[in-house]
Amino acid sequence: MPAPRQENIHEARDQEVGKATVSLTQSESMNTESEKAKREEKVSAEEIQPPLEDEFPDGGRQAWLAVLGSFIFQFVTFGYINSFGVYQDYYARQYLTGSSPSDIGWIGGVQIFLNFSLGIITGPAFDRGYFYHLIISGTVLHALALFMLSLSHKNSYYQVFLTNGLALGLSSGISYIPTLGLPTHYFKRRRPLVLGLTSSGAAMGAVIHPLLLNKLFKGSIGFHNGVRISGAINVTLLIIACAIMRTRLPPKPILHHSPIKSWLKEPAYVTAVIAGWFIFLGLFYPVFYLQLAAIQNGVNPKFATYALSILNASSFLGRIIPGAFAPSLGLFNLIVFFIISSGVVVLCMTLIRDVVGTVFIAISFGFFSGAAISLTPSIMAVLSKNMHEFGARMGIVFLFAGLLGLFATPIAGALLTKQYKWINAGLFSGISLIIAGACFAVVRALVLRQRGAQSSGRLINRI
């Protein structure tokens, strides 16, 4: 009898040991699966999180090639749109004489609208890795727009509108935000300066293109062949830019929910969007009408053709110099000062009576507005939680701003009338810019309150 009892005891012990072993094995398996899940979550989080500041190279061969390529795109696309003042003058006095200044203004207004409002599509597309699709499409459409414009007929408004307005605006809008956003893949500490260099391409283009176009249109070559020559030069430069640019950051993961609603609940961001509205209402009036205003007020037409080039040469400096001082003087402080100053200068534009006044307006407005334009993307970078949001946030700002930009030039033309009442359009444009500056002052105050006066002050002074 004792022997069977002892065997039962051993069997019970074996069963308990077996159960403990199974339990331990299951526990180890659960722990392994838990650790695996944690590792996957960590990897997923690392994929979504943006690179840390020290992961941005802030220099290097490919980084500066990206800046150069973006500069070229800005030079060719937005720089050409900024040269519309030459077309405005030529259309009003020679090519579209049957159309009013307001009608011609719609051509420039559509260019501005498409250049910026397409950002609502191209911004997220850039974030998700479609950079090359966008810039190649923009290059092809730019070639098509200019060569079709060269086939248009005198006083055929719809042909000029479709080519110079619609097609050219689309080509510029497709590539504008992607090429403006590419340098943010490589730079963080020097981002304001680099974005200033990139956007200065538009200013440089707006210096060179008016000189070239005026020379071609008013010389023996004429309008149609002049457009063909400028188109050939532009397309060649765009092909070179496409060949040297490379993206760096991985595409943004596809989210199942849109963050736009949460962005539109941020007071600072919403106020920045409103500021963009007023900037676009007032910014392009001097660019499109300065040459015409100078001629109508008695300035020698030969000299007046250089007014846009002077304005944009000054804008070139304005886009670079303030960015270098942003870390010490404060990004928000600078943009408020330059936008309000731009508004004051536009109000003074109504006083143009001679060469001195024209040069003063061109130099001062060019520098102040150029600084405001180059600093705006850096403001959006500050308001973004990470750089995967940059393209989309810029796209939203440009969508709403571009909608108003669509109407700004025709409104200015309507206020101007065929009797050229410069005071009306000048007040509209100047007051709009002053309101925009006040809105950015509110953005600064909201950022300080949101992040704490001490920490936000350091942030603003560091960018």
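The values are calculated or read from the model by the stated rules, or taken from the named source; none is laboratory data. Model, not experiment: these values are computed from the prediction. In this analysis, Cβ positions are derived from the backbone assuming ideal geometry, glycine residues included, and neighbour counts consider all displayed protein chains.
Some notes on this structure:
- Tabulated pairs, the range 157-174, first among the basic types (Lys, Arg), second surrounded by 20 or more Cβ atoms within 10 Å (Cβ to Cβ), C-beta under 9 angstrom, 6+ apart or interchain: none
- Per-region count, the range 308-328, residues over 20 Å from the mean Cα position of the chain (by Cα) and modelled with pLDDT under 85: 5
Yes or no, residue by residue, for (1) buried (at least 24 other Cβ atoms within 10 Å of the Cβ); (2) at pLDDT below 90; (3) within 18 Å of PHE316 (Cβ to Cβ):
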{"position": "ASP58", "(1), (2), (3)": "no, yes, no"}
{"position": "LEU65", "(1), (2), (3)": "no, no, no"}
{"position": "LEU68", "(1), (2), (3)": "no, no, yes"}
{"position": "PHE73", "(1), (2), (3)": "yes, no, yes"}
{"position": "THR77", "(1), (2), (3)": "yes, no, yes"}
{"position": "PHE84", "(1), (2), (3)": "yes, yes, yes"}
{"position": "TYR90", "(1), (2), (3)": "no, yes, no"}
{"position": "SER99", "(1), (2), (3)": "no, yes, no"}
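- Residues (of a type in the set (A, V, I, L, M, F, W, C), buried (at least 24 other Cβ atoms within 10 Å of the Cβ) and under 14 Å from the mean Cα position of the chain (by Cα)) located in the range 101-127: ILE112, PHE113, LEU114, PHE116, LEU118, PHE126
- Each residue in the range 382-421 was checked for being touching a Gly at 6+ places or on another chain (Cβ under 7 Å) and farther than 30 Å from SER100 by Cα, and 6 of them qualify.
- Qualifying residue in the range 392-413 (condition: more than 14 Å from PHE278 (Cα to Cα), out of contact with any strand residue (DSSP E or B) (no Cβ under 6 Å at 6 or more places or on another chain) and without any contact (Cβ under 8 Å) to a residue 40 or more places away in the chain): no
- Among the residues of the range 362-372, those that are buried (at least 24 other Cβ atoms within 10 Å of the Cβ) and among the aliphatic types (A, V, I, L, M) comprise ALA362, ALA371, ALA372.
- Failed condition for LEU283, given (1) out of contact with any Leu (no Cβ under 8 Å at 6 or more places or on another chain); (2) closer than 21 Å to PHE440 by Cβ; (3) not hydroxyl-bearing (Ser, Thr, Tyr): (1)
- Subset of the range 322-351 [closer than 21 Å to ALA425 by Cβ and either buried (at least 24 other Cβ atoms within 10 Å of the Cβ) or among the aromatic types (Phe, Trp, Tyr) (or both)]: ILE339, SER342, GLY343, VAL346, MET349
- The range 205-239: number of residues that are under 20 Å from ILE136 (Cα atoms) and not in a helix (DSSP H, G or I): 0
A quick yes/no check of all residues on (1) crowded, with 17+ Cβ neighbours inside 10 Å; (2) among the polar types (S, T, N, Q); (3) over 24 Å from LEU331 (Cβ atoms):
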{"site": "LEU399", "(1), (2), (3)": "yes, no, no"}
{"site": "LEU403", "(1), (2), (3)": "no, no, yes"}
{"site": "GLY413", "(1), (2), (3)": "yes, no, yes"}
{"site": "GLN419", "(1), (2), (3)": "no, yes, yes"}
{"site": "TRP422", "(1), (2), (3)": "yes, no, yes"}
{"site": "SER429", "(1), (2), (3)": "yes, yes, yes"}
{"site": "LEU433", "(1), (2), (3)": "yes, no, no"}
{"site": "ALA436", "(1), (2), (3)": "yes, no, no"}
{"site": "ALA441", "(1), (2), (3)": "yes, no, no"}
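- Meeting the requirement of 1 or more residues that are surrounded by 24 or more Cβ atoms within 10 Å (Cβ to Cβ), touching a helix residue (DSSP H, G or I) at 6+ places or on another chain (Cβ under 7 Å) and not small (Gly, Ala, Ser), the helices (runs of 4 or more DSSP H) wholly within the range 262-309 are 267-282, 284-296.
- Those helices (runs of 4 or more DSSP H) of the range 331-433 in which 1 or more residues are under 25 Å from SER117 (Cβ atoms), β-branched (Val, Ile, Thr) and at pLDDT 85 or above occupy 331-348, 355-383.
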